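Each remark here refers to the structure printed beneath this line.
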Amino acid sequence: MGGIASRDADARLDEAGGLAEAIGIAVAQKLRFKIRAPKPATLFGSGQVEAIAEAVERERAELLVVDAPITPIQQKNLETGTKAKVIDRTGLILEIFGERAATAEGRLQVELAHLDYQAGRLVRSWTHLERQRGGFGFLGGPGETQIEADRRLIRDRMAKLRRELDQVTRTRALHRARRQRAPWPVIALVGYTNAGKSTLFNRLTRAEVTAENLLFATLDPTMREVPLPGFDKAILSDTVGFISELPTQLVAAFRATLEEVISADLIVHVRDISHPDSDAQRADVEQVLKEIGAGGEGGQATIEAWNKIDLLQGDETERVRAEAQRREDVVLISARTGEGLDRLVDCAAARLRKDARLRTVRVAAGDGETIAWLHANGEVVGQRQEGLETELEVRMSEPGWARFDARPGRP
């Protein structure tokens, strides 16, 4: 397994091994190389290619995973030089997504991303694509080459998939609009892959979402109701894990899914605080959020849930706790043991109420349902009877007021 050193080199190599193991690949050996000047033909230097080839032969490996994006030419030359099938980081992540997609939408998104990736792999150096597909002669020109036909078929299939995904996006938007008419805020869990989102989701909702020690164990978004202080309830959404150098094809294809994050009232960024690359992982997640227009300045409120504190030891535990105490937007938790979860729920409720404004609402005196809704979803600080109407002074967040205004029968 070759890799380009970045961030913590050992952690990055372990992550690459985890990606391979996530789809059942037995990792025989991990190799790390420092590349000063990437070679256009092979990425690696000639001596490095020889060392990789020797390792492939010694381990009788059938597959070489290069933990970096490689060009089609580099892939072909590495396959020739090592006598093994070669796949790069993007291809590996696409394989994982292809295996994990459980819903029709997920499968559509993965296939679209995979076709986009494959379109770039169709190069004339692939001899089996250079055959001429026979023309009809009377058109007066050469026949369509196999590579051109394959590209056209891919383009046609991608266009069909995009039409289907557009329909999915419209349906999802309708579902979101329906939820916004409901009286409950939406909280989205985001985080680097394997940060513990699904374990936290299961703890908070008592659901049975797949929560394994695997990269990308969750692919399709899952939503459940959770109790929330000061609110009737909230909707919690578990989303796909992010990763460094997430293929652009996947960011584009999963935009419909990630829109659940954009429309959330609150984002809870789950971080594996015990990971040596935790800070870099945070930056990767924030970059993807920025790309899809979520969080950040002017975006939704965000809480960082520093997970896996049960794995910290000695001085590191004290350092992390001291840093967390200095920040209002951080909660220390262990999704595995349950430590800190009550505080996380209280913090989420407080953040949802933080932008609350005081307003006067008049409702019919007999409208007990609306009065109960306002008590359940806001802070009623005053209430008095005026003839046939009840006047209430209510403090509530902007998303809460939007849901109130969207209630059926609301003037």
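Only the coordinates and a few stated rules stand behind these numbers; no lab work does. Here the structure is a predicted model, which means the values were calculated and not measured. No Cβ is skipped: glycine too gets one built from the backbone with ideal geometry, and neighbour counts run over all protein chains shown.
Ranked highest first by average number of other Cβ atoms within 10 Å, how do 149-161, 70-82 line up?
Descending mean neighbour count gives 70-82, 149-161.
For G47, what charge total do you get from the other residues with a beta carbon under 15 Å from its beta carbon, if Lys and Arg give +1 and Asp and Glu give -1?
+2
Just flag the trypsin sites (Lys or Arg not before Pro) in the range 319-411 sitting in loop per DSSP whose Cβ has no more than 13 other Cβ atoms within 10 Å.
Passing sites in the range 319-411 are R326, R327, K354.
If you place +1 on the Cβ of every Lys and Arg, -1 on the Cβ of every Asp and Glu, and leave all else neutral, what size is the dipole of the range 302-387 about its Cα centre, to the nearest 20 Debye?
Magnitude of the dipole: close to 300 debye.
Quick one: grab the alpha carbon gyration tensor of the range 2-96, order the square roots of its eigenvalues as a ≥ b ≥ c, and give me rounded if a/c is under 1.5, else prolate or oblate depending on whether a/b is larger than b/c.
rounded
Past the 30 Å Cα-Cα mark, which pairs from K160/K290; K308/K354; K233/K308; K83/K308?
Check vs 30 Å cut-off fails for K83/K308.
If amide H atoms are built 1.01 Å from N in the plane of the peptide, which residues on other chains or at least 5 residues away come under 5 Å of the amide H of L64?
Amide H neighbours of L64, under 5 Å, 5+ apart: K85, V86, I87.
Can you give me the C-alpha center-to-center distance between the range 361-394 and the range 21-51, rounded to a whole angstrom?
Between the Cα centre of the range 361-394 and that of the range 21-51, the gap is 67 Å.
Using Cα pairs closer than 8 Å and at least 6 residues apart in sequence, work out the relative contact order for the range 262-336, in percent.
Normalised by residue count, the contact order of the range 262-336 is 35 percent.
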